[in-house]
1. Test of understanding: among Lys8, Lys32, Lys42, which residue is open to solvent by 30 Å² or more (accessible area, probe 1.4 Å), out of contact with any strand residue (DSSP E or B) (no Cβ under 9 Å at 6 or more places or on another chain) and in a loop (DSSP other than H, G, I, E, B)?
2. Among the charged types (D, E, K, R) and either within 21 Å of Cys68 (Cβ to Cβ) or surrounded by 16 or more Cβ atoms within 10 Å (Cβ to Cβ) (or both) - does that describe any residue in segment 174-193?
3. Does Ser106 count as under 30 Å from Glu11 (Cβ atoms) and in a strand (DSSP E or B)?
4. Under 6 Å by Cβ, and 6 or more places apart or on different chains, what pairs join a residue from segment 32-43 that is closer than 15 Å to Thr109 by Cα with one that is in a helix (DSSP H, G or I) and open to solvent by less than 50 Å² (accessible area, probe 1.4 Å)?
5. Can you name the number of the only condition in (1) at pLDDT below 95; (2) hydrophobic (A, V, I, L, M, F, W, C); (3) surrounded by 15 or more Cβ atoms within 10 Å (Cβ to Cβ) that Met1 fails?
6. Inspect segment 194-215 for any residue being at pLDDT below 95 and either loosely packed, with under 15 Cβ neighbours inside 10 Å or not charged (D, E, K, R) (or both) and give the result as yes or no.
7. Starting from segment 176-199, take each residue that is free of Cβ contacts under 8 Å to residues at least 40 places away in the same chain and part of a loop (DSSP other than H, G, I, E, B) and list its partners that are of a type in the set (Lys, Arg) and open to solvent by 50 Å² or more (accessible area, probe 1.4 Å), counting only C-beta distances under 8 angstrom and pairs at least six apart or across chains.
8. How many of the residues making up segment 1-60 are among the β-branched types (Val, Ile, Thr) and in contact with a helix residue (DSSP H, G or I) (Cβ under 9 Å, 6 or more places away or on another chain)?
Amino acid sequence: MIKIKTEKEIELLRIAGKITRETLLEIEKFVKPGVTTKQLDKIAHDFILKNNATPSFLHYDGFPASICASVNDVVVHGFPDDRPLQEGDILSVDVGACYKGYHGDSARTFPVGKIDSKKQKLIEVTKQSFFEGIKGIKAGCTVGDISSQVQNYVEKFGFGVVRDMVGHGVGKELHEDPAVPNYGYAGLGPKLKANMVIAIEPMVNMGSYDITIRGWSVKTSDGLPSAHYENTVLITDNGVEILT
């Protein structure tokens, strides 16, 4: 069931979203060759607690960390570990903060040191596909309008839009209805209503959109890099408000 948020709930979601966004900005300061993703996880964990929130991901369905740290061909859900990041890697960080029972959810892909032009283009297209996805979106549109706009933009560059992982509603639960795919047809899917809150999160592969899933591990099937860009947004009568 899709939950329409009250004004009080939206205020709490704005605060959760702000903490989530600021956590990613804090993490970005420390992304460099030689740093481990476990170190970045601790930075995120401590920052979220310092801001009177709790990490949304920690222990979620058994997930062992406060961030998902996905390197190169890992699409999403990477476990932080002790392996140092290498020059030329790309790192996708997905994080959530829970404030007074309400969640923010957001992801970014960061370059590690100097990266090649193909990886840089992948990051840029993935980020822009989110903004293409929300163009003209407001109450009365459908989820499919977002999905088709993301897909159409990404595929102009020959990249693959992941099919098996989708965005979602956000609120008192980290994952709520509706599902928000990054591919599809305009005019299809649930109708968007004012005060709906959803996470839109393009996951884009440099090659095929096919992925392999083994437990938590999600990787590209062809071993090529993947990028991730996500924001939690509020649907309004006039557009969308980005909360993260």
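The values are calculated or read from the model by the stated rules, or taken from the named source; none is laboratory data. Here the structure is a predicted model, which is why all the values come from computation and not from measurement. With ideal geometry, Cβ positions are generated from the backbone for all residues, glycine too; neighbour counts draw on all protein chains shown. With ligands, DNA and RNA removed, areas are computed over all heavy atoms of the protein, side chains included. Shrake-Rupley method; radii C 1.70, N 1.55, O 1.52, S 1.80 Å.
1. Lys32
2. yes
3. yes
4. Pairs found: Leu40/Ile27.
5. (3)
6. Checked segment 194-215: at least one residue is at pLDDT below 95 and either loosely packed, with under 15 Cβ neighbours inside 10 Å or not charged (D, E, K, R) (or both).
7. Within 8 Å, the pairs are Pro181/Arg163; Tyr183/Arg163.
8. We begin by selecting, within segment 1-60, every residue among the β-branched types (Val, Ile, Thr); these are 2, 4, 6, 10, 15, 19-20, 23, 27, 31, 35-37, 43, 48, 54.
After this cut, where a residue has to be in contact with a helix residue (DSSP H, G or I) (Cβ under 9 Å, 6 or more places away or on another chain) as well, the list is 19-20, 23, 27, 31, 43, 48, 54.
Number satisfying all stated conditions: 8.
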